[in-house]
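First comes the structure, then the notes that go with it.
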Amino acid sequence: MNQLTISDIEYSKRRRKTKREEFLDSMNEIIPWSHWIEIIRPYYYNNKRGRKPIDIEIMLRMYLMQNWFNLSDEGMEEAIYDSYAMRKFLKINFLDEQVPDATTLLKFRHLLEKHHIGEKIFRDVTDRLEKAGLIMHGGSIVDATIIAAPSSTKNKEGKRDPEMHQTKKGNQWYHGMKVHAGVDAGSGYVHTITGTAANVHDIDETVNLLREDDEVCYGDSGYSGVEKRPEIQANEHFRDIEFRTNVRPSSLKISSSYTGINWDKESENRKSAVRCKVEHPFLIVKRQFGYAKVAYRGIVKNMNRFHILFASANLVKCFRAGRTQEFCMA
């Protein structure tokens, strides 16, 4: 889209940009496209005969938009035809080429899943945040969120997804998987994520979310007693970490006749003031990106998408903080 079309000239006269276009412009500015393309290139199709494969950047841009707007393969294809902002982000000109079809996007997604490209991109984002000095060290916040999965058995096998299980939270049962996240306590950027079935307890994944240089770890009341776990005690560094976990509210009872300051409650509020940073990436993924329900069968496929989404959540936080220049220079 180097040459302006009539549509480009017409849209340039608008009074304001839509939120979608502003978001896509911000992501286009902060993403290191050349490096991400080189991550994919060794695994991409290199047909010396037959039809020339579609450019990697076009497929990557299309795949990222599919994740950000939570669209199906067919829905993504139609949305680009319908939205000027998406067509502009994809950098195609209908005078010269057409939008890749849903089947092409499907094959590209399978290629990324097969070679764990989502995890490589997530690691690239965290490495760049490290080099830019935007991630602080010394403390992590751990938490997990439940991602619902279809409980229906109306499929070819007539069964639920065998990798998804159910768990009870409060007085309600949920069927699906859990995404566990380790978040930097100082900056709020996600540095580690893992995925399990929903019936795996949050505390079981703690050891996989900590960093070797962590000195303190924050968690909600579900992580009570984590310091006594054998895998924590067996690690020379992790057993020295100070675990600041919230206690259950029911244990903070105080007499109604007491008029002084409830210092126990004050202490819990201070812990929660730090721990709340872990909720921000979950908010972006589940509300802004709309990924509150799994789209695929199997934890591995969904984790490839979650790595992309949490990498994107870090980019959103970085852009909102006005740190785009530092990130791009890293």
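Here, each number is a calculation from the coordinates, and none is a lab measurement. Everything numeric here is computed off the predicted structure, so don't read it as measured data. Here Cβ is always computed from backbone atoms with ideal geometry, including for glycine, and neighbour counts include all displayed protein chains.
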> Roughly how many whole Å is it from the C-alpha centroid of the stretch 155-182 to that of the stretch 70-133?
Replying inline: 27
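Report the local net charge at Ala181: Lys and Arg +1, Asp and Glu -1, summed over other residues whose C-beta lies under 11 Å from its C-beta.
For residues surrounding Ala181, the net value is -3.
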> So for the stretch 6-114, taking the charge dipole from beta-carbon charges (+1 Lys/Arg, -1 Asp/Glu), which of Met62, His35, Phe23 sits furthest toward the positive end?
Replying inline: His35
>> Give me the dipole magnitude in Debye, nearest 20, for the chain about the Cα centre, with unit charges on the beta carbon: positive for Lys and Arg, negative for Asp and Glu.
In response: 960
> Do you know the relative contact order of the stretch 31-131, to the nearest whole percent, from alpha carbon pairs under 8 angstrom that are 6+ apart?
Replying inline: 30
>> Cut-off is 10 Å between beta-carbons; in what order do Ser34, Ser272, Ser187 appear when sorted fewest neighbours first?
In response: Ser34, Ser272, Ser187
>> Counting other beta carbons within 10 Å of each residue's own, what order do Met76, Met177, Met136 fall into, fewest first?
In response: Met136, Met76, Met177
>> Check which residues have an amide H placed less than 5 Å from Lys91's amide H, if you skip close sequence neighbours.
In response: none
> Which net charge results when you count Lys and Arg as +1 and Asp and Glu as -1 among the other residues whose beta-carbon is under 13 Å from that of Phe94?
Replying inline: -1
> If eta is 1.002 mPa s and T is 20 °C, what Stokes-Einstein diffusion coefficient results for the stretch 141-259, Kirkwood Rh from Cα pairs, in µm²/s?
Replying inline: 131
>> How large are Rg and Dmax for the chain when calculated on the C-alpha trace, in angstrom?
In response: 22.6, 85
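Using Cβ counts within 10 Å as a stand-in for footprinting exposure, how do Asp202, Asp264 rank, fewest first?
Numbers: Asp202 19, Asp264 13.
Exposure proxy ranking, most exposed first: Asp264, Asp202.
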>> If I fit a long axis through the Cα atoms of helix 56-68 and take the longest principal axis of the Cα atoms of the chain, what angle between them do I get, 0 to 90°, rounded to 10?
In response: 40
> Taking one equal scatterer on every alpha-carbon of the stretch 150-215, how large is log10 of I(q)/I(0) by Debye at q = 0.27 1/Å?
Replying inline: -1.13
> Between Thr324, Gly133, Asn171, whose Cα lies farthest towards the positive end of the dipole of the chain when Lys and Arg beta carbons carry +1 and Asp and Glu beta carbons carry -1, centred on the Cα centre?
Replying inline: Asn171
